[in-house]
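All remarks here apply to the structure that follows.
The values are calculated or read from the model by the stated rules, or taken from the named source; none is laboratory data. If you're wondering where the values come from, they're calculated on a predicted model, not measured in any experiment. So basically every Cβ, Gly included, is an ideal-geometry build from the backbone, and we count neighbours across all protein chains shown. Keep in mind that these areas ignore ligands, DNA and RNA; they rest on the heavy atoms of the full protein, side chains included. Shrake-Rupley method; radii C 1.70, N 1.55, O 1.52, S 1.80 Å.
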Amino acid sequence: MKKNILSCLCILFLAGFITPYKAYAGWPIGKYRDIVIPSMFLYHQTDRFDNNGKIVKGQTGTGFTSYSANLYMGYGISRRLDLIASVPYVYVQNKFTNGTVTNSGPGDLYMGLSYNLVNFNYVRFLSIQVSGIAPLYRKFDPAADLGLGNFGAELKLMYCGNLPKAIASKGYFNTEIAYRRYFDIQGPDQLSFGGTVGYPISRHDQLSLELLFFRSFSSNKAFNPNINNSRDYAFFKPSLNYGHQFSRRLSTFIGGYYTPFGKNTGVGYGGSVLAIIKI
């Protein structure tokens with residue numbers, strides 16, 4: 001049973017330009033157990049959505065690209081309580097008609113505690129997570145385009161587990177709702193609603209589909225092609241992912257996504273490659 005839960009947990013796709021750690025909460029890690037997840041992500045945009053959701057074509061030779069590496073770590077303090085942390089390293093490239101601006105460095109540190117409120121026969125789990133966000137750069141440095149440059153906090157409620165037998169004999173699901181607040185006069189306040197369904201296609205291979213709706217509210221309505229420090233925007237993002245389990249201790253995954261709908265943000269697409277290491 002623990003092996004099946006770990007397999008389900010592992011395939012959940014890291015949302016490459018939003019919260020690459022979010023998909024790993026929900027399932028308890030287990031007392032004194034560790035999970036380490038190194039990953040790499042790509043996000044690219046040329047066109048953008050205006051405030052009415054209409055696509056505005058970008059100029060030739062312009063666009064925004066972000067490459068990032070992330071190290072996620074989880075430790076089971078008890079059977080119900082887990083400590084989680086995520087440390088990213090970001091490289092951004094902003095192309096303009098008169099040149100290209102690049103920057104790189106550590107992004108925002110994410111750390112918190114996840115607690116399993118209720119388990120339903122160890123088949124489904126209801127959990128809550130409280131986390132803090134801290135920039136690993138100074139706000140007014142040029143590196144500020146790697147994030148918002150503000151401290152923040154997040155509260156998340158998650159429900160996940162095996163699919164009901166009435167729906168499918170195999171597979172799993174994960175649903176979550178999260179609220180995030182950055183401590184700045186401009187905020188932003190952010191809400192996200194996500195759902196994932198995964199299904200095994202062979203003994204060691206799985207496919208999953210993730211749907212994410214994200215809304216960020218701020219008094220600063222300006223469009224920013226850099227998704228890392230944009231403040232007021234919204235988008236809907238479906239992701240398709242494939243995973244292969246090499247052993248009980250090692251799995252690798254690849255995924256891709258596209259944003260078919262959004263407001264005041266880029267028409268983004270990209271993907272991820274990651275490994276799950278059980279220590």
Give the carbon-plus-sulfur fraction of the accessible surface of region 110-190 in %, rounded to a whole number; probe 1.4 Å, heavy atoms of protein chains only.
67 percent
FRET efficiency estimate (nearest 0.05) - Cβ-Cβ, Leu83 to Asp47, R0 51 angstrom
0.80
If each residue of separation counts as 0.36 nm, what is the full-extension length gain between Ala69 and Tyr242 once their alpha-carbon separation is subtracted?
60.4 nm
In bins 10 Å wide, starting from 0, what share of all Cα pairs of region 126-187 does each bin hold, as a percent?
19, 31, 22, 16, 10, 1
Given all pairs of distinct Cα atoms, region 32-78 yields a Kirkwood Rh in Å of 14.1 Å
At most 11 other Cβ atoms within 10 Å plus a DSSP loop assignment makes a site exposed; report the longest stretch of the chain without any exposed chymotrypsin sites (Phe, Trp or Tyr not before Pro).
33-139
How high is the relative contact order of region 109-237, given as a whole-number percent (alpha carbon pairs under 8 Å, six or more residues apart)?
17 percent
Dipole of region 117-264 [Lys/Arg +1, Asp/Glu -1 at C-beta], most positive-end residue of Phe183, Leu157, Ala234:
Leu157
If you wrap a convex hull around the alpha carbons of region 152-279, what volume per residue comes out, as a whole number of Å³?
132 Å³
On average, how much area does the Cα convex hull of region 170-242 cover when viewed from any direction, in nm²?
5.8 nm²
Roughly speaking, what is the centre-to-centre gap between region 166-186 and region 45-75 when only Cα atoms are used, to the nearest Å?
21 Å
Using Cα pairs under 8 angstrom and six or more residues apart, how large is the relative contact order of the chain, in percent?
19 percent
From the cross-link list Lys31/Lys237; Lys31/Lys170; Lys170/Lys237; Lys54/Lys165; Lys31/Lys165, the entries with a Cα-Cα span beyond 32 Å are Lys31/Lys237; Lys54/Lys165
Can you tell me the 0 to 90 degree angle between the C-alpha axis of helix 2-11 and the longest principal axis of the chain, rounded to 10?
20 degrees
Where Rh denotes the Kirkwood radius from the mean inverse Cα pair distance, what is Rg over Rh for the chain?
0.97
Semi-axes a, b, c in Å (a largest) for region 95-165, each sqrt of 5 times a Cα gyration tensor eigenvalue, come to 39, 16, 8
Quick one, what does Rg over Rh come out to for region 88-215 if you take C-alpha atoms and the Kirkwood Rh?
1.09
Scoring region 28-89 by relative contact order with C-alpha pairs under 8 Å, at least six apart, yields a percentage of 44 percent
